[in-house]
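Each reported figure results from applying straightforward, stated rules to the coordinates on display, with no laboratory input. Here the structure is a predicted model, which means the values were calculated and not measured. All Cβ positions, even for glycine, are placed from backbone atoms using ideal geometry, and neighbour counts span all protein chains on display.
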Protein chains: 2
Amino acid sequence: MKQQIPEACIERLSLYVRELGQWQRRGCGFVSSRRLAEPLGLTDAQVRRDLSYFGQFGTSGRGYEVRRLLSTLSDILGIQGRVWRVALAGVGNLGSALLAYRGFQNRGFVFKVVVDADSQKVGRVIQGLTIAPSRQLEELVRRHRIHIGIITVPSEAAQAVCDQFIRGGVKAIVNFAPARLEAPSGVRLRNVDLALELEALAFYLGRGKALTDGLQK
Amino acid sequence: MKQQIPEACIERLSLYVRELGQWQRRGCGFVSSRRLAEPLGLTDAQVRRDLSYFGQFGTSGRGYEVRRLLSTLSDILGIQGRVWRVALAGVGNLGSALLAYRGFQNRGFVFKVVVDADSQKVGRVIQGLTIAPSRQLEELVRRHRIHIGIITVPSEAAQAVCDQFIRGGVKAIVNFAPARLEAPSGVRLRNVDLALELEALAFYLGRGKALTDGLQK
DNA sequence: CACTGTGAATGCATTCACAGCG
DNA sequence: CGCTGTGAATGCATTCACAGTG
């Protein structure tokens, strides 16, 4: 009964929610899998398959009721009537950017705790939150019952911060440091590596040249 | 002869380069696929398969020569003795963070052009670059022969910026706006969606509850 | 003997194609 | 008739397993 849902499908769920928002604002009552898929660059079959993992929401011949599907998917993603408490470690450029990013607040992600190792920064107020010293992270995380931890510290410090999150009871972590982190299996860990994005592109840009330049042996 | 290399493999290439850097600093001459794989959370078979797409670099019984493999992979990725000229559109929080990020400079990615639509920001200097008005993007991109474009503008403006990049001759774009962009097939487009990362985590955090709460029908 | 390089097997995700429904 | 929901087919990526090599 409990089938496995593809990881990629979960990410598309967020896309569906955004796209459905558009259709709702346009005042459409129903939308077909094809119309939902097209602007997202997907196929109609993919949309139907994805949705089918969660139940049967469509009506034959008509499509999906926009309002209902939007509300159901938001619910599944936990971004409806739900607040996720987030803690951020590392108030550098990237950390500050994430704190200021409106996209999170809108979706029910609320920063509750911010720490930094730099005593110069501790005590400063940013986005309405006072920066606490790193050493208090574990306790703050526990006290605020943080759901999600975000790591934007230098690579060397990333594992230590990660461990504090875990000891504090966090079950989901996003790591922006370019380092492989260890976490027990009960903790969901996602890595976002910005330099890696550019490097992958560089590969394709340089491909023709590099591969023919005697690399094959 | 020209076999297809998995997308995921390209991304792991960057990881191998980083890890090999560690081994080199530690003064190791050779490293086996197993030792290379382990700290990255991969299997030895995966490492061997990935490398085999590009040639035969190993020695039976010994492993891979660290220095040579590092140099070869860096070359394949185009991060050795190569400079990639980058343009950034949108100097908000995220844009500023990317400009300041050292990880890019180190790998041969150099920002040459920065634009913003806000006339308040135009003329300001950031990380040694003067912010130009958005309307000049296409021309600047062409004049500086930009390789990679980065989009950190609001969703509404993203497609317009993307079009300017493309008309200016850019062949690789990273888009941070949560919007699906259109680009011709010759242009490599990558999307990085930060809110989506958190939402995917929220799904797993909330799963147990949401799925049993009458969503199955 | 320790290790690579790679066919063959497996496991996932996407796409096809169509029966069934409103 | 238009569209969903889903078995079956396909296409990719990963893993297995082992012959081959220094």
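Descriptive notes on the structure:
- A simple charge model with +1 on the Cβ of Lys and Arg, -1 on the Cβ of Asp and Glu and nothing else charged puts the dipole of the protein assembly as shown at about 160 debye relative to its Cα centre.
- With contributions of -39500 (n - 2.57) from each DSSP H run of at least four residues, the per-residue ellipticity at 222 nm computed over chain B stands at -13500 deg cm²/dmol.
- Other-copy label distances relative to B:Ile5, 7 angstrom Cα-Cβ extension, nm: 3.5
- Distribution of pairwise C-alpha distances over chain B, 5 Å bins, in %: 1, 6, 12, 14, 13, 12, 12, 11, 9, 6, 3, 1, 0
- With contacts taken as Cα pairs under 8 Å and at least 6 residues apart, chain B reaches a relative contact order of 13 percent.
- Of B:Cys162, B:Pro133, B:Leu70, farthest towards positive along the dipole that unit charges on Lys, Arg, Asp, Glu beta carbons give chain B: B:Leu70
- Under a model in which nothing but the beta-carbon of Lys, Arg (+1) and Asp, Glu (-1) is charged, segment B:7-76 shows a dipole of about 300 debye around its Cα centre.
- Cβ-based exposure ranking for A:Tyr101, A:Tyr64, in which fewest neighbours within 10 Å come first: A:Tyr101, A:Tyr64
- Exposure proxy ranking, count of Cβ atoms within 10 Å, fewest first, for B:Asp44, B:Asp116: B:Asp44, B:Asp116
- Ignoring aspartates and glutamates fewer than eight residues from A:Lys171 along the same chain, the ones with Cα atoms less than 12 angstrom from its Cα are A:Asp163.
- Shielding by partners, peptide B:97-107 (average Cβ within 10 angstrom, other chains): 5
- Taking a span of 27 Å or more along the helix axis (Cα atoms) and a mean Kyte-Doolittle hydropathy of at least 1.0 as the rule, no DSSP H helix of chain B qualifies.
- Nearest-to-axis residue of chain A, judged by beta-carbon position, where the axis maps A onto B, in Å: A:Ala97, 2
- Charge tally for A:Leu42 (other residues, Cβ to Cβ under 12 Å; Lys, Arg +1; Asp, Glu -1): +1.
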